[in-house]
Amino acid sequence: MDYSTSDLCDHFADSIDVLEPMFINFAGHSAFCGRIVTVKCFENNELIQEILEQDGTGKILLIDGGGSTRRALIDIELAELAVENHWQGIVVYGAVRHVDELEECELGIQAIASIPVAADSQGSGEQGVPVNFAGVSFYEDDYLYADSTGIIISAEELVLEDVLEEVEA
């Protein structure tokens, strides 16, 4: 699907939420979209790995890491696992590492920072729970659209082609 978050904002202003501009692209795809799978964990990525081992076709993993930049929740191994299992992208309210290697991944990754320190590989977390950061509340199965301009979410899938066809008619 070809889109820009700017165009989606223009056409769907009443049905979207826009995240505060704090995220940076860290992987090969700067634009990605899909249905959200939420996970909440703090400085550990055990549950993240379990989720990325599942089929991610059409999905975005949205990680609420509490905004911590002390440990990286995503590294090259997890990014490669996401690619292998067909995830569209990952949004991290937290940090990533292996930045140079992440740029080569056929995946979208946006996070707030990078740091070389690994996350703990054991720990607790919650999957499928509503989370809130960047001025937005996220719910499992919301749709997320990201590109170099920003990130937006919607409860419904946004199809820009349908809007453009209506305008031309």
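The values are calculated or read from the model by the stated rules, or taken from the named source; none is laboratory data. Note that the structure is predicted; figures quoted are calculated from it, not measured. Note that each Cβ is placed from the backbone with ideal geometry, even for glycine, and that neighbours are counted across all protein chains shown.
Considering every residue within segment 26-45, establish whether at least one is touching a Cys at 6+ places or on another chain (Cβ under 7 Å) and within 17 Å of GLY150 (Cα to Cα). Scanning segment 26-45, I find at least one residue that is touching a Cys at 6+ places or on another chain (Cβ under 7 Å) and within 17 Å of GLY150 (Cα to Cα), so the answer is yes. Would it be correct to say that GLY89 is within 19 Å of GLY150 (Cα to Cα) and either under 15 Å from the mean Cα position of the chain (by Cα) or surrounded by fewer than 20 Cβ atoms within 10 Å (Cβ to Cβ) (or both)? Here the answer is yes, as GLY89 does meet what is asked. Note on segment 54-86: residues that are buried (at least 24 other Cβ atoms within 10 Å of the Cβ), in contact with a Cys (Cβ under 9 Å, 6 or more places away or on another chain) and free of Cβ contacts under 8 Å to residues at least 60 places away in the same chain total 5. Within segment 102-118, can one find any residue that is surrounded by fewer than 17 Cβ atoms within 10 Å (Cβ to Cβ), touching a helix residue (DSSP H, G or I) at 6+ places or on another chain (Cβ under 7 Å) and either among the acidic types (Asp, Glu) or free of Cβ contacts under 8 Å to residues at least 24 places away in the same chain (or both)? There is at least one residue in segment 102-118 that is surrounded by fewer than 17 Cβ atoms within 10 Å (Cβ to Cβ), touching a helix residue (DSSP H, G or I) at 6+ places or on another chain (Cβ under 7 Å) and either among the acidic types (Asp, Glu) or free of Cβ contacts under 8 Å to residues at least 24 places away in the same chain (or both). You will find that of ASP10, ASP75, ASP55, the residue that is more than 14 Å from the chain's Cα centre (by Cα), of a type outside the set (Ser, Thr, Tyr) and more than 24 Å from GLY123 (Cα to Cα) is ASP10 and no other. Do any strands (runs of 3 or more DSSP E) lying entirely in segment 17-118 carry at least 1 residues that are more than 28 Å from TYR3 (Cα to Cα) and modelled with pLDDT of 95 or more, and which ones are they? Answer list for segment 17-118: 32-40, 72-74. Residues in segment 16-71 that are of a type in the set (Lys, Arg) and at positive phi: 0 in all.
Just for segment 119-153: of the residues that are within 20 Å of ARG71 (Cβ to Cβ) and touching a helix residue (DSSP H, G or I) at 6+ places or on another chain (Cβ under 7 Å), which one is surrounded by the fewest Cβ atoms within 10 Å (Cβ to Cβ)?
Residues of segment 119-153 within 20 Å of ARG71 (Cβ to Cβ): 119-127, 131, 133-134.
Okay, now just the ones that are also touching a helix residue (DSSP H, G or I) at 6+ places or on another chain (Cβ under 7 Å), so 121-123, 125, 127.
Values: SER121: 10, GLN122: 8, GLY123: 13, GLY125: 19, GLN127: 15.
Restricting to residues being within 20 Å of ARG71 (Cβ to Cβ) and touching a helix residue (DSSP H, G or I) at 6+ places or on another chain (Cβ under 7 Å), the top hit is GLN122.
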